[in-house]
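The next block holds one structure in the form of structure tokens; read it before the comments.
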Amino acid sequence: MARRRGVDAYPARWRRSVHRVRIALRKSGVDYFRGDGSDWIALVGLLLIIPAITCATLLNPVWFSPAALALPIVAGGLLLRPASLLSLYAAAAAALIVESLSLGPYMKEPAGVTPGTVLVVAACGFFGLVLAQFRARVGVPWRRGGTMLFDLRERIRVQSALPLLPQGWHREMALRPAGGQSFSGDFVVAARTNGGRTLEAVLTDVSGKGMDAGSRALLLSGAFGGLLGSLPPHGFLPAANGYLLRQDWDEGFATSIHLVLDLESGDYELLSAGHPPALQLHAGSGRWEEKAAEGPLLGVYDGAQFDAVKGSLAPGDVLMLFTDGLVEASDRDLAEGIDRLTGEADRYVATGFEGAAWHLIEACAKDVNDDRALLLLSRRA
């Protein structure tokens, strides 16, 4: 009976051992691709590929060139840490020596190891080592780098989402980074406050453009989103100005415009920090009016004062907030850019400005090498 229990226990112990090995390998793989684990799996795999390439080259050097050793070296530059990469390079160098001795002088054997082959493999190894050292210094493996950038871009996009408005209101926002990049120095934060009766929206243009301003825009959008609604409307821009001053950035300034809109009456206030004026279309007259509030740039000096300008949106009226990239360029000034924007916007009066924000950027500043943003609000007739 005891012997039978021992026989039965052996398969069970074997299954438990296999299960533990499988769990360990799975955990190592997950940690590796998350960037938290050792790179020994990749190193072992690449070290096994090198002799396989070497054998194939010795058997048929015409189809399997000695330069194929550059392939595991390139993969190692993307997958391995600098210390592990040196072991891979040593194995590749040994493989080149074996191939050179086995195939004979390249002058007699055209498919042999030539000086050009050595230079190609060495160049791939050099650039792979530079890339691995850069990843080690940054602390973000290549497997996570793209995911992190995508996550940062999505966070900016989510933070710039406009809240739903009650019936009778239409809102939309379009954002175009400079040079077709994914990151922009322009962003919007918006929230409904005062029990949902008030819409507060802040359009900000951080100094710089594209990737250079994207990281600062992400930081500021999170901070401004926390301030918005937590302070009285007239306290937002002074608090934002103090926050920028504390960052002590080399390019530490930004322009911003803060809209406080009563969704029941249509009355609003605009507070500006060095930002281009807003534009209001009066449905009764069909004319555009500039709404320019006074205030200095954010992050320039402490104790800045920001004076509000008031207005009201009647049924059929439209209000546009935008950044300077939409109306300013090297070949035109601000007034000319505003005239062009209002001229293009007149085409959408009959359609109620549905989908107008993106088309206005395309029409007015399609090829401008600057970040462009447009926030559009309309009160339906």
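The values are calculated or read from the model by the stated rules, or taken from the named source; none is laboratory data. Quick caveat: nothing in here was measured; it's all calculated off a predicted structure. Neighbour counts are summed over all protein chains in view; Cβ atoms, including those assigned to glycine, are modelled from backbone coordinates with ideal geometry. Only protein heavy atoms, including side chains, enter the accessible area calculation; ligands, DNA and RNA are left aside. Shrake-Rupley method; radii C 1.70, N 1.55, O 1.52, S 1.80 Å.
The sole residue among Thr323, Thr342 that is touching a Leu at 6+ places or on another chain (Cβ under 8 Å), in contact (Cβ under 8 Å) with a residue 60 or more places away in the chain and open to solvent by 10 Å² or more (accessible area, probe 1.4 Å) is Thr342.
Within segment 242-257, the set of residues being part of a loop (DSSP other than H, G, I, E, B) and touching a Gly at 6+ places or on another chain (Cβ under 6 Å) comprises Glu251, Gly252, Phe253.
Checking each residue in segment 314-345 for being part of a helix (DSSP H, G or I) and touching a helix residue (DSSP H, G or I) at 6+ places or on another chain (Cβ under 8 Å) picks out Asp324, Gly325, Leu326, Leu334, Gly337, Arg340, Leu341, Glu344, Ala345.
As a summary of the residue check, Pro232 satisfies the conditions (1) under 28 Å from Ile338 (Cβ atoms); (2) open to solvent by 40 Å² or more (accessible area, probe 1.4 Å) except for the one numbered (1).
Among the residues of segment 157-185, those that are in a loop (DSSP other than H, G, I, E, B) and either within 16 Å of Gly225 (Cα to Cα) or modelled with pLDDT of 85 or more (or both) comprise Ser160, Ala161, Leu162, Pro163, Leu164, Leu165, Pro166, Gln167, Gly168, Gly185.
Val7 passes every criterion in (1) at pLDDT below 85; (2) assigned to a helix (DSSP H, G or I); (3) surrounded by 10 or more Cβ atoms within 10 Å (Cβ to Cβ) apart from (3). Contact map, segment 357-372: first residue open to solvent by 10 Å² or more (accessible area, probe 1.4 Å), second residue at pLDDT 80 or above, Cβ cut-off under 7 Å, separation 6 or more or different chains; pairs are Trp358/Ala174; Ala363/Glu344; Val368/Gly325; Asp370/Gly325.
Applying a threshold of 8 Å to beta carbon distances and a minimum spacing of six or more residues, or different chains, the list of pairs starting in segment 224-241 at a residue that is assigned to a helix (DSSP H, G or I) and ending at one that is surrounded by fewer than 16 Cβ atoms within 10 Å (Cβ to Cβ) and charged (D, E, K, R) reads Asn241/Asp302. Scanning segment 57-109 for residues being open to solvent by less than 40 Å² (accessible area, probe 1.4 Å), hydrophobic (A, V, I, L, M, F, W, C), modelled with pLDDT of 85 or more and out of contact with any Cys (no Cβ under 6 Å at 6 or more places or on another chain) gives a total of 10. Taken together, the criteria place Val188 among residues that are at pLDDT 85 or above, at negative phi and not hydroxyl-bearing (Ser, Thr, Tyr). Against the conditions (1) hydrophobic (A, V, I, L, M, F, W, C); (2) touching a residue at least 60 places away in the same chain (Cβ under 8 Å); (3) farther than 18 Å from Val130 by Cα, Leu78 satisfies every one except (3). With the requirement that a residue be in a strand (DSSP E or B), of a type in the set (A, V, I, L, M, F, W, C) and either within 13 Å of Gly274 (Cβ to Cβ) or under 33 Å from the mean Cα position of the chain (by Cα) (or both), what does segment 297-313 give you? Listed by number, the list holds a single entry, Leu298. The set of residues in segment 37-56 being surrounded by 18 or more Cβ atoms within 10 Å (Cβ to Cβ) and of a type in the set (Ser, Thr, Tyr) consists of Thr54 alone.
Going by what's in this entry, would Leu270 be described as under 30 Å from Tyr348 (Cβ atoms) and in contact (Cβ under 8 Å) with a residue 40 or more places away in the chain? Criteria met by Leu270. Looking across segment 196-223 at every residue that is part of a strand (DSSP E or B) and of a type outside the set (S, T, N, Q), the one that is modelled with the lowest pLDDT is identified as Val206.
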